[in-house]
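**Student:** Once you've had a glance at the structure underneath, I'll fire off some questions.
The values are calculated or read from the model by the stated rules, or taken from the named source; none is laboratory data. Remember, it's a predicted structure, so these values are computed and weren't measured experimentally. Ideal geometry is used to build each Cβ from the backbone, glycine not excepted, and the neighbour counts take in all protein chains shown. Just the protein is used for accessible areas: all its heavy atoms, side chains included, with ligands, DNA and RNA removed. Shrake-Rupley method; radii C 1.70, N 1.55, O 1.52, S 1.80 Å.
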Amino acid sequence: MAKFPEGFLWGGATAANQIEGAYDVGGKGLTIADVLPGGKTRLAMLANNTVPLAVDKTKYKYPNHEGIDFYHRYPEDIALFAEMGFKVFRMSISWARIFPKGDETTPNQEGLEFYDRVFDTLAKHNIQPLVTLSHYELPLHLTIKYGGWKNRKLIDFFENYCKVVFERYKSKVKLWLTFNEINLGFMSPIMSLGFFADMSTPQGAQDVLQGLHHQFVASALAVRWCHKIIPQSKIGCMNILAPVYPFSCNPQDVLAAQQEEHLSNYYCADVQVRGEYPAFAKSLYKKLGAQPEIDSQDEQVLKEGKVDFLSFSYYKSYTEKADKKQEDMGEGDITNRVKNPYLQRSDWGWEIDPVGLRIVLNQVYDRYQVPLFIVENGLGAKDIVSADGQIQDDYRIDYLQAHLQSALDAINDGVELMGYTSWGCIDLVSAGTGEYGKRYGYIYVDKHDDGSGTLQRTKKKSFDWYKKVIQSNGETL
Ligand code: BGP
């Protein structure tokens with residue numbers, strides 16, 4: 001039996017807007033994440049395109065504004081990651097810390113210095129940063145003034161931002177990701193592409209396809225600059241991946257599942273990994289009644305900007321049916337699909353499917369044959385602090401253990417896997433619902449949805465479990 005390879009990159013993952021807080025400190029500008037109200041209403045606003053594009057503290061709470069105060073507490077947090085033995089820490093740079101409005105030419109020094117301090121602290125603990133350039137935190141000004149990624153000008157602003165951070169951090173960061181979960185653009189345009197769109201209308205689909213095309217070009221340019229400025233670096237794309245199961249063996253269901261798989265798993269990854277649009281794009285455009293404008297120069301840029309590896313988040317599988325009705329659908333979040341009767345669900349309605357991870361790892365490796373990296377996976381759950389201050393999160397250990405076993409099974413199947421960074425290694429603000437109560441961490445943060453809490457950090461039971469997993473390079477799961 002194969003083992004996790006030597007040098008496997010064990011660690012944890014976060015995003016700036018979900019941990020840093022200090023939303024208006026150090027010259028940082030507002031981002032899309034800063035105007036997303038906390039609580040379950042966020043999900044409805046994202047689904048209905050009703051996110052208010054300004055902060056209104058009289059009406060809403062904004063947990064992202066404080067996050068878990070990583071901005072000030074990073075030395076303590078990184079020391080805890082080091083105690084678990086992390087080899088890598090996935091984090092993002094908030095574009096608006098570097099360019100507060102997004103369209104300036106001169107960067108904000110205070111923002112640059114903050115990330116210098118974080119990278120230096122990681123280096124002190126021998127932890128490699130894995131940095132996402134854009135994780136749902138587009139400078140708000142780029143939405144208001146330019147209409148987000150629909151506008152081609154954003155390619156230039158993003159390119160400039162990338163060049164600045166590559167130059168600045170070239171000796172400190174060798175692993176990069178371009179856009180977080182780029183295929184979420186189909187499901188939540190405002191969060192991912194920075195504009196409102198309704199995918200069920202031809203105009204909405206047109207805008208999303210165009211916005212995604214601009215992100216593909218921007219990503220390809222980032223790859224080019226990254227290789228040029230930091231020759232020893234590796235840069236990847238990042239997608240949500242989920243195997244798409246047909247609800248039955250009725251060929252109509254199988255066809256529906258295949259078409260869904262094309263759209264959700266392969267449309268973006270094909271462009272970023274293979275450097276060109278897939279053959280199925282034509283029939284997809286026909287179905288959507290929309291088609292992006294692509295010039296021949298863009299095609300060349302895409303060819304020259306292929307990523308070095310494919311990274312992805314995995315939380316659940318999808319099930320698809322040709323004639324689905326409302327009562328077939330599950331509940332949970334914006335990636336909602338047909339209910340799968342074989343699977344259990346988390347407290348937030350997300351179907352739990354460790355075997356699906358092995359399946360999707362095999363599917364994408366068969367298709368692309370580039371190294372894969374699981375950069376998000378985990379269980380959002382309510383944790384209870386017992387009277388003696390302990391957090392016994394056995395359910396989280398079970399979840400992670402089963403998914404890691406599945407990853408190992410995929411390695412045995414021949415898949416090349418670079419690493420695993422579980423999502424929310426320290427409790428943070430959830431992206432979909434803006435809650436503190438949906439916890440993913442090995443480290444508990446005393447902060448609650450009513451605003452109370454000391455922000456004190458406490459190790460959960462899973463902390464020691466993960467430490468042993470890393471120490472044994474996955475031999476003890
Ligand atoms: C992914 C995002 C993360 C993260 C995670 C969990 O989609 O990349 O930012 O938050 O999902 O989702 P949630 O926070 O809604 O539980």
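**Student:** Could you check segment 353-373 and list, in sequence order, the residues that are in contact with a Leu (Cβ under 8 Å, 6 or more places away or on another chain), more than 16 Å from the ligand (Cβ to nearest atom) and not in a helix (DSSP H, G or I)?
**Tutor:** First pass over segment 353-373, keeping only residues in contact with a Leu (Cβ under 8 Å, 6 or more places away or on another chain): 353, 360-361, 364-365, 368, 370-373.
Right, trim to more than 16 Å from the ligand (Cβ to nearest atom) and you get 361, 364-365, 368, 370-372.
Selection gives 370, 371, 372.
**Student:** Would you mind finding the one in 177, 212 that is part of a strand (DSSP E or B) and either more than 16 Å from the ligand (Cβ to nearest atom) or out of contact with any Asp or Glu (no Cβ under 6 Å at 6 or more places or on another chain) (or both)?
**Tutor:** None of the others qualify; the one that does is 177.
**Student:** Considering (1) open to solvent by 40 Å² or more (accessible area, probe 1.4 Å); (2) out of contact with any Leu (no Cβ under 8 Å at 6 or more places or on another chain); (3) in contact (Cβ under 8 Å) with a residue 12 or more places away in the chain, say which one residue 401 fails and leave the rest.
**Tutor:** (2)
**Student:** Within segment 128-137, can you find the residues that are in contact (Cβ under 8 Å) with a residue 60 or more places away in the chain and more than 14 Å from the ligand (Cβ to nearest atom)?
**Tutor:** 128
**Student:** Among 295, 323, which is the only one that is farther than 23 Å from residue 402 by Cα, free of Cβ contacts under 8 Å to residues at least 12 places away in the same chain and open to solvent by 10 Å² or more (accessible area, probe 1.4 Å)?
**Tutor:** Residue meeting the stated conditions: 295.
**Student:** In addition: Anything in segment 196-209 that is under 15 Å from residue 284 (Cα atoms) and touching an Asp or Glu at 6+ places or on another chain (Cβ under 6 Å)? List them, or say none.
**Tutor:** 204
**Student:** Report yes if some residue within segment 439-456 is modelled with pLDDT of 95 or more, in contact with a helix residue (DSSP H, G or I) (Cβ under 8 Å, 6 or more places away or on another chain) and open to solvent by 40 Å² or more (accessible area, probe 1.4 Å); otherwise report no.
**Tutor:** Yes, there is a match, as at least one residue in segment 439-456 is modelled with pLDDT of 95 or more, in contact with a helix residue (DSSP H, G or I) (Cβ under 8 Å, 6 or more places away or on another chain) and open to solvent by 40 Å² or more (accessible area, probe 1.4 Å).
**Student:** Of all residues in segment 374-388 being open to solvent by less than 50 Å² (accessible area, probe 1.4 Å) and aliphatic (A, V, I, L, M), which is farthest from the ligand (Cβ to nearest atom)?
**Tutor:** Selected residue: 374.
**Student:** Within segment 416-438, how many residues turn out to be assigned to a loop (DSSP other than H, G, I, E, B), open to solvent by 10 Å² or more (accessible area, probe 1.4 Å) and either on the phi > 0 side of the Ramachandran plot or more than 12 Å from the ligand (Cβ to nearest atom) (or both)?
**Tutor:** Residues in segment 416-438 being assigned to a loop (DSSP other than H, G, I, E, B), open to solvent by 10 Å² or more (accessible area, probe 1.4 Å) and either on the phi > 0 side of the Ramachandran plot or more than 12 Å from the ligand (Cβ to nearest atom) (or both): 1 in total.
Residue by residue, here is whether (1) open to solvent by less than 10 Å² (accessible area, probe 1.4 Å); (2) among the small types (Gly, Ala, Ser); (3) more than 30 Å from residue 48 (Cβ to Cβ) holds:
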| site | (1), (2), (3) |
| --- | --- |
| 128 | no, no, yes |
| 135 | yes, no, no |
| 158 | yes, no, no |
| 171 | no, yes, yes |
| 183 | yes, no, no |
| 197 | no, yes, no |
| 200 | no, yes, no |
| 204 | yes, yes, no |
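**Student:** Condition (residue is assigned to a loop (DSSP other than H, G, I, E, B), of a type in the set (A, V, I, L, M) and more than 16 Å from the ligand (Cβ to nearest atom)) applied to segment 181-199: is it met by at least one residue? Write out each step before concluding.
**Tutor:** Step one: filter segment 181-199 for residues assigned to a loop (DSSP other than H, G, I, E, B), giving 181, 187-188, 194-199.
The next check asks that each one be of a type in the set (A, V, I, L, M); those that pass are 187, 197, 199.
Imposing the further condition that a residue be more than 16 Å from the ligand (Cβ to nearest atom) reduces the set to 197, 199.
Yes, segment 181-199 has at least one match.
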